[in-house]
1. On the basis of being touching a residue at least 60 places away in the same chain (Cβ under 8 Å) and surrounded by 11 or more Cβ atoms within 10 Å (Cβ to Cβ), does Ala158 make the cut?
2. Yes or no: segment 40-49 includes at least one residue that is touching a strand residue (DSSP E or B) at 6+ places or on another chain (Cβ under 6 Å), under 23 Å from Leu131 (Cα atoms), assigned to a helix (DSSP H, G or I) and free of Cβ contacts under 8 Å to residues at least 60 places away in the same chain.
3. When residues of segment 67-79 are filtered for being touching a residue at least 12 places away in the same chain (Cβ under 8 Å), of a type outside the set (A, V, I, L, M) and open to solvent by 10 Å² or more (accessible area, probe 1.4 Å), how many remain?
4. Which ones in segment 92-151 are touching a helix residue (DSSP H, G or I) at 6+ places or on another chain (Cβ under 9 Å), surrounded by 13 or more Cβ atoms within 10 Å (Cβ to Cβ) and of a type in the set (Lys, Arg)?
5. Considering only segment 31-66, how many residues are under 19 Å from Gln95 (Cα atoms), touching a Gly at 6+ places or on another chain (Cβ under 8 Å) and either exposed (fewer than 14 other Cβ atoms within 10 Å of the Cβ) or of a type in the set (Val, Ile, Thr) (or both)?
6. Can you find a residue that is at pLDDT 95 or above and more than 30 Å from Asn22 (Cβ to Cβ) anywhere in segment 161-169?
7. Looking at (1) touching a Phe, Trp or Tyr at 6+ places or on another chain (Cβ under 9 Å); (2) modelled with pLDDT of 95 or more, which one does Leu138 not meet, given that it meets all the others?
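The values are calculated or read from the model by the stated rules, or taken from the named source; none is laboratory data. Computed from a predicted structure; not experimentally measured. We place every Cβ from the backbone using ideal geometry, glycine too, and count neighbours over all the protein chains shown. These accessible areas exclude ligands, DNA and RNA; they are computed on the full protein's heavy atoms, side chains included. Shrake-Rupley method; radii C 1.70, N 1.55, O 1.52, S 1.80 Å.
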Amino acid sequence: RKGGDKLRILWVGRIYPRKGLNLVMNVLGKVNVPFELSIVGNGPWGYKISRWTSENKLEGRVNWYGQVPWENLKQLYIDHDVFIFTSLRETFGIQLIEAMAFGLPVITLDCFGARDFIPDEAGLKIKVSTLDEIINNLADAVERLWKDPKLRIKMGKAAHQFALGCTWEKTVTQYEQIYNHLIAKENLVIVKK
């Protein structure tokens, strides 16, 4: 990534309560580095974006694209520096693997699917504690990735490398191995009887 005069942050998802977009807006209201947030997605809480923008004094730093075609989304992944993912309940977000496939380091909450799925070297996972601590720690993570472009690049490369291993072929092979192991184990138990 070329870098620039501000940190380009991307958020992708449905806009409703558990996705935590309002949390991102609260966090960015506390950040003391130059940034721009791009929001991709629609949802029942989309109408609140302008209010969250003004409440957090983010005017001129937030772009809401709504739902976009895949070609446009790919370009947005390419054009950004960091991916932020703040779902409050999520088993797995496909946008995580998409962002990592495009070499974006991830800032996320250390819970649910992201806890187990995002490699430590590919992103910053923020412990879930009090709301104030979460906001402050997320803001620190944004500032850290702005101030340390080498870390941002290193994490982006690790994210991309991890994503290369997330193919359907590898997933099928892993599940075949698990099933074969379970079948073999079951057969051994039957033989012992």
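1. No.
2. Yes, some residue in segment 40-49 is touching a strand residue (DSSP E or B) at 6+ places or on another chain (Cβ under 6 Å), under 23 Å from Leu131 (Cα atoms), assigned to a helix (DSSP H, G or I) and free of Cβ contacts under 8 Å to residues at least 60 places away in the same chain.
3. Going residue by residue through segment 67-79, those that are touching a residue at least 12 places away in the same chain (Cβ under 8 Å) are 67-68, 73-74, 76-79.
Now narrow it down to the ones that are of a type outside the set (A, V, I, L, M): 67, 74, 77, 79.
After this cut, where a residue has to be open to solvent by 10 Å² or more (accessible area, probe 1.4 Å) as well, the list is 67, 74, 79.
Total meeting the criteria: 3.
4. Listed by number, the residues that qualify are Lys125, Arg144.
5. 2
6. yes
7. Just one mismatch for Leu138, condition (1).
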